[in-house]
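Before any comments, here is the structure.
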Amino acid sequence: MKPVVSEALATLIIVLAAALIGAWGWGALGASVMALCVLSLTLLRHLWWLGQLIHWVQAPQESAMPTVSGVWGELCDHLYQQMRKATKETKLVTTELERLRLAAEVLPEGVVILDDHRVIEWMNWEAEACFGLNAATDIGSRLTHLLREPALLDYLNNTTQSAKPLKLITQRNPKHTLQVQTVPFAAGRTLLMVRDVTQLEKLATMRRDFVANVSHELKTPLTVTLGFIETAADALGDASPDEMAHYLRMASEQASRMQSLIEDLLMLSSLETDSPPTESDVDLSALFAGVCEEARVLSAGQQNIRLTMFGPSHLVGSPRELHSVFSNLVTNAVRYTPKGGEIALHWDAGAHGGRFSVTDSGIGIAPEHLPRLTERFYRVDHGRSREMGGTGLGLAIVKHVLERHQAQLDIDSEPGKGSTFTAIFPAHRVR
Ligand code: ADP
């Protein structure tokens, strides 16, 4: 039987019993008074329990729940179950929300949630870093009051779902290029995504400059080669064999220039894309002797070239790449040292590591050029470099190779007095 029904029956029986007792003692009036008294007591009991329940519902705590039986007991049980269920669900939702918030916080993209008045409702760390904002103080403020960039204001006003991202440099973070994009969501709210694209922009510029430089470097010798070929073709039959040989020699020189350039470009590209080379034990005595010999051929006796070695003469590395480093440094010394100059190659190794230096008594380099020498196509004197068969890529290759060998390049130079280029290798590479 349901508690409500049994409670009602019990009350009815008690009232009837009281009325019977009243009627037996005092007649009809007694019956009514007794029934009324019992009813009033029952009502008071219910009111008291109701009061207890209201008190508990206002601050529902397990310990404070009233211990009642009957219909009120059942009601309390139901309420208690509901409360436990609701608490459990709230806990679950709170945990999920916290997890989502943490995931949004660590997103590699900046995210800002704006309301329909462009007021910041929430933002993650990346957005704070990109915009130079502080969530603790800036949430609740209008984004456009904090970032007074007309371009951003225009973008926020005109954006549609298919809007293209906007490139932006803000006054708060002027050294960085940002890319922002809005996504409308929920009622009137906007999701503003922001990315720091400074590095990508730099790379794009470098790529553009590189393509322009390569095209320029190839165009000149190609034009000159074509010129000589056309001249030779026009003069065919009229020109003497000596003149023809001269034209062909000139064309061939330009072709060699293009070939050197392409070889250096391929070398650079392989240094950038290939995984580190399989390293072997390189015998420097043989390598330096070869490099020295090449330099003497290039110098054709115009400079005095000496080689000295001290300490262990084996290095762990890529023979091909190391050869290119030493050869580039020595070739430069020959190119930029006038006739009669001195060039000293020196290897010195010990517990500190190994140092290969090339010292020349050549034209030297002004200090302002030194930090840029290893940039691709950077030359102090373009004309002289081209005239000497330089590609402008030699020191860029040297820098790359040394980085792959955990080594570094040191340049010491004084205009008019000469230069010393030193490749410094870490101790663990020296054998
Ligand atoms: P390049 O092919 O023009 O020699 P590099 O990258 O090897 O290109 O060198 C870059 C520039 O550094 C050269 O154009 C030259 O101006 C300068 N340079 C390099 N080595 C020397 C040196 N030994 N003496 C003077 N200048 C040098």
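Considering every residue within the range 368-378, establish whether at least one is more than 8 Å from the ligand (Cβ to nearest atom) and acidic (Asp, Glu). Yes, some residue in the range 368-378 is more than 8 Å from the ligand (Cβ to nearest atom) and acidic (Asp, Glu). Take the residues of the range 18-77 that are charged (D, E, K, R) and within 22 Å of residue 8 (Cα to Cα): which is least open to solvent (accessible area, probe 1.4 Å)? The extreme case among them is 74.
In the set (1) within 16 Å of residue 423 (Cα to Cα); (2) within 14 Å of the ligand (Cβ to nearest atom); (3) touching a Lys or Arg at 6+ places or on another chain (Cβ under 7 Å); (4) not β-branched (Val, Ile, Thr), the condition left unmet by residue 364 is number (1). Of all the residues in the range 333-349, those that are touching a Leu at 6+ places or on another chain (Cβ under 7 Å) and either part of a helix (DSSP H, G or I) or among the acidic types (Asp, Glu) (or both) number 1. Within the bounds of the range 279-286, is there any residue that is open to solvent by less than 40 Å² (accessible area, probe 1.4 Å), within 18 Å of residue 321 (Cα to Cα) and either more than 34 Å from the chain's Cα centre (by Cα) or not assigned by TED's automatic domain parsing to the domain that holds residue 404 (or both)? Yes: one or more hits. Output yes when any residue across the range 387-394 is aliphatic (A, V, I, L, M), in contact with a strand residue (DSSP E or B) (Cβ under 7 Å, 6 or more places away or on another chain) and surrounded by fewer than 18 Cβ atoms within 10 Å (Cβ to Cβ), and no when none is. No, the conditions are met nowhere in the range 387-394. In the range 317-333, of all residues being open to solvent by less than 10 Å² (accessible area, probe 1.4 Å) and more than 35 Å from the chain's Cα centre (by Cα), the one that is nearest to the ligand (Cβ to nearest atom) corresponds to 333. Checked against the criteria, residue 404 does not count as of a type in the set (D, E, K, R), open to solvent by 20 Å² or more (accessible area, probe 1.4 Å) and near the ligand (Cβ under 9 Å from one of its atoms). A single entry from 183, 112 fulfils the requirement of being among the β-branched types (Val, Ile, Thr) and loosely packed, with under 14 Cβ neighbours inside 10 Å: 183. Count of the range 90-132 residues, restricted to those that are assigned to a helix (DSSP H, G or I), of a type outside the set (Lys, Arg) and free of Cβ contacts under 8 Å to residues at least 40 places away in the same chain, is 15.
The values are calculated or read from the model by the stated rules, or taken from the named source; none is laboratory data. None of the values given here were measured: they were computed from a predicted structure. Methodologically, a virtual Cβ is constructed for each residue, glycine included, from the backbone with ideal geometry; neighbour enumeration extends over all protein chains shown. The area values use the complete protein model at the heavy-atom level, side chains included, leaving out ligands, DNA and RNA. Shrake-Rupley method; radii C 1.70, N 1.55, O 1.52, S 1.80 Å.
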